[in-house]
1. Considering A133, A129, which residue is at pLDDT 95 or above and not in a loop (DSSP other than H, G, I, E, B)?
2. Answer with yes or no whether M180 is within 24 Å of H351 (Cβ to Cβ) and at pLDDT 90 or above.
3. Looking at segment 319-349, which of its residues are in a strand (DSSP E or B) and of a type in the set (S, T, N, Q)?
4. Quick one: in segment 53-75, of everything that is surrounded by fewer than 20 Cβ atoms within 10 Å (Cβ to Cβ) and touching a helix residue (DSSP H, G or I) at 6+ places or on another chain (Cβ under 8 Å), which residue is nearest to T164 (Cα to Cα)?
5. Can you run down the residue pairs with Cβ atoms below 6 Å, 6 or more apart or on separate chains, where the first is in segment 330-355 and in contact (Cβ under 8 Å) with a residue 12 or more places away in the chain and basic (K, R) and the partner is surrounded by 20 or more Cβ atoms within 10 Å (Cβ to Cβ) and assigned to a strand (DSSP E or B)?
6. How about segment 264-322: which of its residues are under 23 Å from E28 (Cα atoms), surrounded by fewer than 24 Cβ atoms within 10 Å (Cβ to Cβ) and aliphatic (A, V, I, L, M)?
7. Read through the list (1) farther than 26 Å from G297 by Cβ; (2) buried (at least 21 other Cβ atoms within 10 Å of the Cβ), then give the number of the only condition that R6 fails.
Amino acid sequence: MKRIGRYTIALDSAPKIAGYAAVAGKKEKEGPLGSQFDRSYKDTSLGESSWEKAESRLQQEAMEIALQKACLKPEDIDTVFAGDLLNQCISSTFGLRSMNIPFLGQYGACSTMAQTLAMAALFVESGAARTAAAVTSSHFCTAERQFRLPLEYGGQRPPTSQWTATASGAAIVMPQSAVMATDTVKIKNLRETSSPEKTPVITAVCIGKITDFGIKDANNMGAAMAPAAAQTILDFLRDTGTAPSDYDLIVTGDLGRVGSTLLLQLTAQEGVDISHVHNDCGKMLFDPAKQDVHAGGSGCGCSACVLCSKLLNDVKAGTLKNILFAATGALLSTTSTQQGESIPSIAHLVHIRGI
């Protein structure tokens, strides 16, 4: 691998995403992408005794399904990168503890899926791991309990607020040269059809910088995170000498409607128009006309489940050939908010292609 420009790392061997899965809750299943999830539930507790245990189960099941798709077992994974929104990343710790996989916990707030996927790809590319996994989750009820108010309080949510997704996404990363049982199926498909499935590969990652535009409203995460998304996307385009038109999709997650509008304004101020190829996971996950989510979806499970269902499905089908996945995170805590601090933000970018 080699560094391109100041912020981007090109992965010459382009590790592949051998398996992926998304598990979601009831509200997410009722949204536009509901049919693309590998598994969904009709209640937020998933039959568990607490919401935190339910979120751990989301991660565990997403990981298990992704492994099945890759025809692998937990012992085949050298390192798992996992994270969530809860203190000490307890959803990841308790969700994956039984798998006995070397574990590196990650915290990037809602940017965690891009962060874990970038780390998994870097480990595989460097040879530090033969196989690596990236797992991320969030849960509406656990996030509300930790960051805002108890659900029983029944507080009013302002129009700029977003709905934390109850969902998890997992991806298995390994070298392109690795042969799996599923590869035989692909060869068979190639013989039988002119449109075989594509393989999603990771060709570059761009690690974001902490940005802070002084936003202090914890109910307006889109505005807080938009500057970080703009910065990372612009850094990647400058490093690689590419333009928005070179990509089928530049997808952020999760700015929602408010943050997405601000993102387009910020990039336009720098002379870069991404409006014709941009979408946001927070806008894709829910139907604003039928589901009361205000400004859209949020939580690191939002971008995780959209990537590990709709987006990678479209890459495999050839509908999307070249995408930039830029997940965004608000780096706040209840302590920093109570002390009157602003909300710093971060965005990490992963370049995914279908080959």
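1. Exactly one of A133, A129 is at pLDDT 95 or above and not in a loop (DSSP other than H, G, I, E, B), namely A133.
2. no
3. N322, T328, S345
4. The residue in question is K53.
5. That search, which allows pairs on different chains as well, returns R353/V201.
6. M284, A289, A317, L320
7. For R6, the exception is condition (2).
The values are calculated or read from the model by the stated rules, or taken from the named source; none is laboratory data. Everything quoted here is computed from the prediction, not taken from an experiment. Positions of Cβ are backbone-derived with ideal geometry, glycine not excepted, and every protein chain shown enters the neighbour counts.
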